Amino acid sequence: MIDRDYIITPDVVSDPVQARRLLAGHVQRVLAGRNGSSTPARQIVRLELPLAPIDPFRWLQAQPTAARMYWSGREGQIETAAVGEADVCMRPAPAGVDALRRQLTPVLASCDARVRYYGGVRFDPAQPAEAPWHAFGAYRFVLPRFEVRYEGKAMTLACNLVLPTDFARGPALLEQIDRLSFPALGLPGEVPMPVRRQDRPDTEGWGRMIGWALSAFAETSLDKVVFAREASFGFSEALDPVVLLENLKAGTPDCFHFFFQPGQGTAFVGASPERLFRRRGRTVDSEAVAGTRPRGTSARDDARLLEELLRSDKDRREHEYVRISMQEELTPLVDAFHLDAEPSEMKLTSGRHLVSRVRATLREGITSLDVLQALHPTPAVGGYPSAEAIAAIRAHEPFDRGWYAGPVGWIGPEAAEFAVGIRSGLVQPHRLSLYSGAGIVTGSTPEGEWREIEHKISDFIKVLRLDLRHTHAA
């Protein structure tokens, strides 16, 4: 039996040649541990090497593989950049979380506590994917081949091996290690200027959607629907999604940051302020987030906008649907449940939201995937009641959301963390499609909700150095 978790050396390694040599040597030792011709049970071996600090973005850019990902939590305690795929759990759309549970649950049983599968789920996995989203599947979770993980002030380089499958991949693995690059620190690159913009829906189509929703509130059981827009920008130069994320991260310090590139040409990038849930053992933390205002241009203006948000009947009603839904969905899974008595402010660099925080204790036997299935989609990104809202989105939105507003994050044997994939975009070589939505309730107006969405994509807009008023609409 091979030990699951190796620390290759306790000493921090700063020389790239030594790092590659040590890692290759331990991979060879693990792969040489096969016991004759017998086939051992499935096992994940994680090799870790303490590494002198490097820039994770430069490291991502320097690797030869097209499969790349990045994740950092909102609190900034752990940052992971990874390349390659040791294992992939994926199904093409349509497929639901039940299929993910059947595929991933036995896999996690063979994992050490430090092993994480990173990925996401479509907002609506029951619907077929449009072409740009095909590579992402209904869901896609990857055990990276190589990871650079920053925890506090300590950095590690890790290699994940899946046995017995990797016994036959020894020469290829050693070649991949030899090609790992460790570049010097550097400054972020620049994002090229876009040359055109197209909105789906346009202002007329948006007005029709909001008008339909307001009529539905009066005539059906629908109370809230979150309609989204796609703003697509064209570029004459190729976009580098790593550069885009790096610049975005610098301007959005209070967010989850993520980047998933399953292959050459397409990547999903975002800076989300909203946690879906975090699980540690039996403890789950989540939050209801709905209701939005910008930050003010002065302290007095900022205080006025906060007071306006806290006193807004429309925003508090929109928020209350999320609170009610979270309690309804989590209660059957938990032994204890606590929800803030009143919403408070979630303050961000460029905006603010109403937030109510949740802490719950899971019942024995409840898994992270059970929580994921219960919470997604929240009324903050779908609506209330959920089934009626999802039906409205399917009928009226003129584009495929893909992973936008779906769960993105990581999952391990006894822990998980997922953000809601909002404030995000799909990057193609010469195209960036930004997605954002607004909660429509009684009292909403097409003009007001259009402005709210423009504000929500403002973090990307600043990265693009773009004045929206002067963009040519295609």
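When the expected Rg is taken as 2.2 N^0.38 Å, what fraction or multiple of it is the alpha-carbon Rg of the chain?
On the way: Rg = 22.8 Å, N = 474, 2.2 N^0.38 = 22.9 Å.
Cα-based Rg divided by the globular estimate yields 1.00.
Given an 8 Å cut-off on Cα distances and at least 6 residues of separation, report the relative contact order of the chain as a percent.
On the way: 1003 pairs, mean separation 97.3, N = 474.
It comes to 21 percent, rounded to a whole number.
Quick query: amide H of residue 334 versus all other amide H atoms, modeled in the peptide plane; which residues come in under 5 Å with a sequence gap of 5 or more or a different chain?
363
Have a look at 214, 226, 286 and report the one farthest towards the positive end of the charge dipole of the chain, computed about the Cα centre with Cβ charges (Lys/Arg +1, Asp/Glu -1).
286
Would you mind estimating how fast segment 322-474 diffuses translationally, via Stokes-Einstein at 4 °C and 1.567 mPa s with the Kirkwood radius over Cα pairs, in µm²/s?
Numbers: Rh = 17.9 Å.
Reported coefficient: 72 µm²/s.
Starting from 0.36 nm per residue, how many nanometres of slack lie between residue 29 and residue 175 once their C-alpha separation is accounted for? If you can, show how the numbers build up before the last one.
Values: separation 146, 0.36 × 146 = 52.56 nm, distance 1.56 nm.
Fully extending the segment from residue 29 to residue 175 adds 51.0 nm.
Using every alpha carbon pair in segment 228-359, what percent of pairs falls into each 5 Å bin from 0 up to the bin containing the largest distance?
For segment 228-359, the binned pair fractions read 2, 8, 15, 16, 16, 15, 13, 9, 5, 1, 0, 0 percent.
Which FRET efficiency value, to the nearest 0.05, is calculated for residue 215 and residue 387 with the Förster distance at 22 angstrom and r the Cβ-Cβ distance?
The calculated FRET efficiency here is 0.70.
Work out how far the C-alpha atoms of segment 194-470 reach from end to end along every principal axis, then list the three figures in whole Å, largest first.
Reported extents, whole Å, longest axis first: 55, 44, 43.
Amide H neighbours of residue 277 under 5 Å, at least 5 residues apart or on other chains, H built in the peptide plane: list them.
418
For the chain, compute the number of Lys pairs whose alpha carbons are separated by less than 29 Å, excluding pairs fewer than 8 positions apart on the same chain.
13
Hey, what did segment 194-470 get for relative contact order, percent, Cα under 8 Å, at least 6 apart? Before the final figure, lay out the partial values.
On the way: 533 pairs, mean separation 85.9, N = 277.
Relative CO of segment 194-470 lands at 31 percent.
Once the dipole of segment 194-470 is set up with Lys and Arg at +1 and Asp and Glu at -1 on Cβ about the Cα centre, which of 330, 463, 273 lies farthest towards its positive end?
Toward the positive end, the furthest listed residue is 463.
Tell me, what HN-Hα J-couplings in whole Hz come from the Karplus equation 6.51 cos²θ - 1.76 cosθ + 1.60 at θ = phi - 60° for each residue of segment 197-206, using x for Gly and Pro?
So the Karplus estimates, Gly and Pro as x, are 9, 9, 10, 10, x, 7, 4, 5, x, 4 Hz.
Give a residue-ordered list of calculated ³J(HN,Hα) values for segment 155-165 (Karplus: 6.51 cos²θ - 1.76 cosθ + 1.60, θ = phi - 60°; whole Hz; x for Gly, Pro).
These are the phi-based 3J(HN,Hα) values: 10, 10, 9, 10, 10, 9, 10, 10, 9, x, 3 Hz.
Given a Förster distance of 41 angstrom, what is the FRET efficiency for residue 110 paired with residue 336, based on the Cβ-Cβ distance and rounded to 0.05?
Working: r = 31 Å, r/R0 = 0.75.
That gives a FRET efficiency of 0.85.
Since every read-out is calculated from the coordinates, none of them should be taken as a lab result. All values derive from a computational prediction rather than experimental measurement. Backbone-built Cβ (ideal geometry, glycine too); neighbour counts: all protein chains shown.
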